[in-house]
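Following: one structure in structure tokens, then a few remarks.
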Amino acid sequence: MALRLEDKKEIVAAVSETASKAFSTVVADYQGLTVEQLTQLRVQARQNNVYLRIVRNTLAKRALEGTQFDILNDILTGPTILGFSTSEDDMGAAARLFEDFAKTNKAFELKAAAFDGKVYQGSEVSVIANLPNQEKALTMLASVLQAPISKLGRLVTALKEKNEQEAA
């Protein structure tokens, strides 16, 4: 189906706007997937606040120009699906979604990802996928902050018990 110039401009504008606000993006080859599998991926993307778009490579290159993701232009070849993590609370959502989907769908091949100005090849996408979401990060921070306090409490208790034993 041929796209009109206006349609192409709309696609470029939508992808460019999303890319300018996104925190990370993942590029994958979707060739060999069924419509049902792609629909399943789209449903999961909506549930995880991931902007998902199948777009022609020439349009994707234009859309990514001037954004932090224009470093992916060399990777945009063949059938391409883009996933953008748009939530500040979960910057690795797209990578996690694509990685999990690739485990169950062998035809889905991860090409690359971009985060913080760096390109990660398909095998390295797990680096971004393992980024903690906001809830995990706060839990980790709380446990780090709690550790010295609990150690101090145990030390005070041990000193108190030692002093009671010496007094007896």
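Could you go through the range 35-44 and let me know if any residue there is aliphatic (A, V, I, L, M), touching a helix residue (DSSP H, G or I) at 6+ places or on another chain (Cβ under 7 Å), outside any strand (DSSP E or B) and farther than 22 Å from GLU109 by Cβ. Among the residues of the range 35-44, not one is aliphatic (A, V, I, L, M), touching a helix residue (DSSP H, G or I) at 6+ places or on another chain (Cβ under 7 Å), outside any strand (DSSP E or B) and farther than 22 Å from GLU109 by Cβ, which makes the answer no.
Of all residues in the range 93-144, those that are of a type in the set (Lys, Arg), farther than 10 Å from VAL26 by Cβ and modelled with pLDDT of 70 or more total 3.
Checking each residue in the range 1-28 for being small (Gly, Ala, Ser) and in a loop (DSSP other than H, G, I, E, B) picks out ALA2, ALA22. Exactly one residue among VAL15, VAL43 is in the same structural domain as LYS103 (by TED's automatic domain parsing) and either aromatic (Phe, Trp, Tyr) or within 23 Å of THR77 (Cβ to Cβ) (or both), and that residue is VAL15. Applying the condition of being under 18 Å from the mean Cα position of the chain (by Cα) and more than 15 Å from LYS103 (Cα to Cα) to the range 29-46 and asking which residue is surrounded by the most Cβ atoms within 10 Å (Cβ to Cβ) yields ALA45. Picking from PHE84, PHE115, which residue would you name as being assigned by TED's automatic domain parsing to the domain that holds ALA28, more than 19 Å from ALA14 (Cα to Cα) and buried (at least 22 other Cβ atoms within 10 Å of the Cβ)? Checking each option against the conditions leaves just PHE115. Exactly one residue out of ILE75, ILE81 is under 18 Å from the mean Cα position of the chain (by Cα) and either of a type in the set (D, E, K, R) or within 16 Å of SER16 (Cα to Cα) (or both), and it is ILE81. Taken over the range 26-47, the criterion of being of a type outside the set (A, V, I, L, M, F, W, C) and in contact with a Lys or Arg (Cβ under 9 Å, 6 or more places away or on another chain) is satisfied by ASP29, GLY32.
The values are calculated or read from the model by the stated rules, or taken from the named source; none is laboratory data. Every value quoted in this text rests on a predicted model; they were computed, and no experiment measured them. Backbone-built Cβ (ideal geometry, glycine too); neighbour counts: all protein chains shown.
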